Amino acid sequence: MTLNVEILQDPDDLAERARQWFLSAIDHNPGRVAVCLTGGSTPERLYRLLAGENLPWERIHVFFSDERFVPPGDELSNAGMARRVLLDHVPMPAENVHAIPTETASPEESARLYEAELKAFYGADKLDASRPLFDLVLNGMGDDGHTASLFAGMSTLNESEKWVVASEPGMKPFVPRVTLTFPALESCRFSAFLVAGATKAATLARVRAGEDLPSARLKPHGDLVWLIDRAASTG
Ligand SMILES: O=C(O)[C@H](O)[C@@H](O)[C@H](O)[C@H](O)COP(=O)(O)O
């Protein structure tokens, strides 16, 4: 499979390139910008850089591709990480941060609530290919090839109607998850995978060879770029 790939020297270079990509994607839309963040250590470097940026934060709305079913203040929370390193440091109105709710009775209830929130923001119950849900989606790839909390072998990979579902933990940390589905993640103008480190090399080679891994399945309506560091590219 031919991927649109940019190889960067190391995780810091990758974060800097992702910063440039993020800024130009924001520039593309002079109105309300919908950004979907992800968890993981690779995007965390980017978030630290963005915390110093003078962006039009008041018109940027932040969503999340997935969440661990833990309280918002838990150190495992993806939204918690984004708040600690980025969102608490920029003048973004509180109502622009759309975290996946986790103080609910179950991951299924969280998924239902978040899907309703996404639909209210989008202004429709059905996704229209000509009007993407997100301007910009950041994706990570786990060592096993998962993306968001979409894990190999799980039925969530084939979800075609729901925008958000509950998921079993496919790998560490072993807590239940709530995740956007492919139809929601793919409804986007600009998408990027951020992939760093030698532990990703073997899986990345499998993606490039066309294996049916969750990360390889993501087919956004708009542009997709893979920003990869040298260690992930060569092992
Ligand atoms: O909640 C999660 O676990 C993440 O959303 C997950 O999908 C992550 O993006 C990848 O596992 C890559 O993470 P790293 O960048 O830390 O390798």
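The values are calculated or read from the model by the stated rules, or taken from the named source; none is laboratory data. Remember, predicted model here, so these are calculated numbers, not experimental data. Note that each Cβ is placed from the backbone with ideal geometry, even for glycine, and that neighbours are counted across all protein chains shown. The accessibility values were calculated without ligands, DNA or RNA, using every heavy atom of the protein model including side chains. Shrake-Rupley method; radii C 1.70, N 1.55, O 1.52, S 1.80 Å.
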Nearest 5 percent is fine: what portion of the DSSP beta bridges confined to the chain is antiparallel?
25 percent
Ignoring ligands, DNA and RNA, please state the percent of accessible area on the chain from carbon and sulfur, probe 1.4 Å.
49 percent
Express the relative contact order of the range 1-92 as a whole percentage, based on alpha carbon pairs under 8 Å and six or more residues apart in sequence.
28 percent
What does the helix-only formula give at 222 nm for the chain: each DSSP H stretch with n ≥ 4 adding -39500 (n - 2.57), the total divided by the residues, and the result rounded to the nearest 500 deg cm²/dmol?
-9000 deg cm²/dmol
Calculate the length of the line joining the C-alpha centroid of the range 130-199 to that of the range 10-63, in whole Å.
18 Å
Solvent-accessible area per residue, Å², over the chain with all protein chains present [probe radius 1.4 Å]
43 Å²
Assuming a ≥ b ≥ c are the square roots of the Cα gyration tensor eigenvalues, decide whether the chain counts as rounded (a/c under 1.5), prolate (otherwise, with a/b larger than b/c) or oblate.
rounded
Quote the charge dipole size of the chain about the Cα centre in Debye, to the nearest 20; the model charges only the Cβ of Lys and Arg (+1) and of Asp and Glu (-1).
320 debye
Once a ≥ b ≥ c are taken as the square roots of the eigenvalues of the Cα gyration tensor of the range 37-150, is the result rounded (a/c under 1.5), prolate (a/b larger than b/c) or oblate (a/b not larger than b/c)?
rounded
Got the relative contact order for the chain handy, in percent, Cα pairs under 8 Å and 6 or more residues apart?
26 percent
